[in-house]
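The values are calculated or read from the model by the stated rules, or taken from the named source; none is laboratory data. Predicted model, so just to flag it, every value in this text is computed and none were measured. Note that each Cβ is placed from the backbone with ideal geometry, even for glycine, and that neighbours are counted across all protein chains shown. SASA here: full protein model, heavy atoms, side chains in, ligands and nucleic acids out. Shrake-Rupley method; radii C 1.70, N 1.55, O 1.52, S 1.80 Å.
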Amino acid sequence: MNPFASYRAINTKLHAKKRILLSKNEWHKIAQYQEVSEVIGFLKKRTGYKEQMALYPSSDLHRLDLEVILDRYCVEEIETMLHYFSGSYKEFFKTFLMEYEISDLCLILRTISREDELKDIAKLFVHSEKWGLAQYHKLIGCKNVAQFVEALRGTCYYSALKTMSVDDMVKREFHMEMKLYVLFYNELIEKASRLKPKDALLAKKMIGVKIDFINAGWIYRALKYYDISPEEILIYSLPNGDKLSYSKLKKLSYSKNIEDYKMQVEKYLRYPLFKMKNDVFLDAMTDRYLYQFACHMDQDDESIASSIAYISLLGIEVNDLITLTEGIRYKLGEGDLSRYLVHTI
């Protein structure tokens, strides 16, 4: 029995939670709605979401408001899971909260860089108040990027940002955000290495698969839309992928053209990532693979596979809810909506 992870307790709890994830019938029902307010009304009554939605009594919520609410719900779910772990396992799952904290740090950074007002920015924060940074009051008081970096002294974020060169600072917003997300995935892998061998292997596998698809999307967009060198593309590609080794990432970063890139990455991943020609479907195709992979891995009750899978499945559900709400706002028909979603409607 693992002294740091009560598999039986957490997996019993997760089996109940997974039954709370939206069913196929519910997705079909939501897709029939004509107004965003109907989606809001549904979530306000829906087990799981209604507790977080109750904190926002107004039905006049915008897309950004809903995104904040749903992200806070994900954070709350991860916080709840932490009660079932201790030691290296608790530290590993706490690391998933970093993604939401980095989202807030990037929000502050963008606001400072654009010299916008920071006064009301806290209402958009989604980070864990229990496990997050203590110095947010300092961060929202910063007048420039140098102060922002200095306010992070003593945290893992400072060590990632303090090494930025003068050249980096020319495009500081982009570079700093990339450095923070590289840090996040490095931390996940490092914390996974401290788990029991079986759990470490499973964790690294699941994280590695996601890293592969993040890299595939990043390199594709960099080659097609960004004016940056192959060397820079490679620098900001994440290590520790499952199928995309450093040598493969290097080859992809130096692709002759977009069509050559597509052919190579689909061969490496063994998945038709670019099956749908329009780039707007790239994220949906990625999430469809990750959804199936999480469902497949979620079959071992004597490991942490179910716990990691639940975080992944919940994140994909939230992404679909935001996408569906946006589609309803722009009056997309059910047939058009289905192409943007992971879940079947």
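Of note:
- Only residues that are open to solvent by 100 Å² or more (accessible area, probe 1.4 Å), assigned to a loop (DSSP other than H, G, I, E, B) and within 24 Å of residue 232 (Cβ to Cβ) were counted across the range 250-279, and they come to 2.
- Filter result for residue 228 (β-branched (Val, Ile, Thr), closer than 25 Å to residue 177 by Cβ and at pLDDT below 95): yes
- Count of the range 65-105 residues which are under 13 Å from the mean Cα position of the chain (by Cα), at pLDDT 95 or above, open to solvent by 30 Å² or more (accessible area, probe 1.4 Å) and not aromatic (Phe, Trp, Tyr): 4
- When the range 35-61 is limited to residues that are of a type in the set (A, V, I, L, M) and farther than 22 Å from residue 327 by Cβ, the one that is least open to solvent (accessible area, probe 1.4 Å) turns out to be 54.
- For the range 223-257, taking the residues that are among the small types (Gly, Ala, Ser) and free of Cβ contacts under 8 Å to residues at least 24 places away in the same chain, the one that is nearest to residue 311 (Cα to Cα) is identified as 237.
- Looking across the range 23-38, the residues that are more than 15 Å from residue 345 (Cα to Cα) and either touching a Phe, Trp or Tyr at 6+ places or on another chain (Cβ under 9 Å) or not in a loop (DSSP other than H, G, I, E, B) (or both) come down to 36, 37, 38.
- Every listed requirement among (1) in contact with a Lys or Arg (Cβ under 9 Å, 6 or more places away or on another chain); (2) open to solvent by less than 30 Å² (accessible area, probe 1.4 Å); (3) within 17 Å of residue 208 (Cβ to Cβ) is met by residue 310 save one, (3).
- Neighbours by Cβ (under 8 Å, 6+ apart or cross-chain): first from the range 301-315, in a helix (DSSP H, G or I); second polar (S, T, N, Q): 305/299; 306/11; 307/11
- So residue 302, is it touching a helix residue (DSSP H, G or I) at 6+ places or on another chain (Cβ under 9 Å), over 29 Å from residue 219 (Cα atoms) and either among the charged types (D, E, K, R) or surrounded by 18 or more Cβ atoms within 10 Å (Cβ to Cβ) (or both): yes
- Filtered by the rule that a residue be of a type in the set (Ser, Thr, Tyr) and crowded, with 18+ Cβ neighbours inside 10 Å, the range 220-249 gives 220, 236, 237.
- Against the criterion of being surrounded by fewer than 17 Cβ atoms within 10 Å (Cβ to Cβ) and not in a helix (DSSP H, G or I), residue 122 does not qualify.
- Scanning the range 324-345 for residues that are surrounded by fewer than 18 Cβ atoms within 10 Å (Cβ to Cβ) and either among the β-branched types (Val, Ile, Thr) or closer than 18 Å to residue 77 by Cβ (or both) yields a single hit, 344.
- Selection count where residues are over 24 Å from residue 251 (Cβ atoms), hydrophobic (A, V, I, L, M, F, W, C) and free of Cβ contacts under 8 Å to residues at least 40 places away in the same chain, scope the range 184-222: 2
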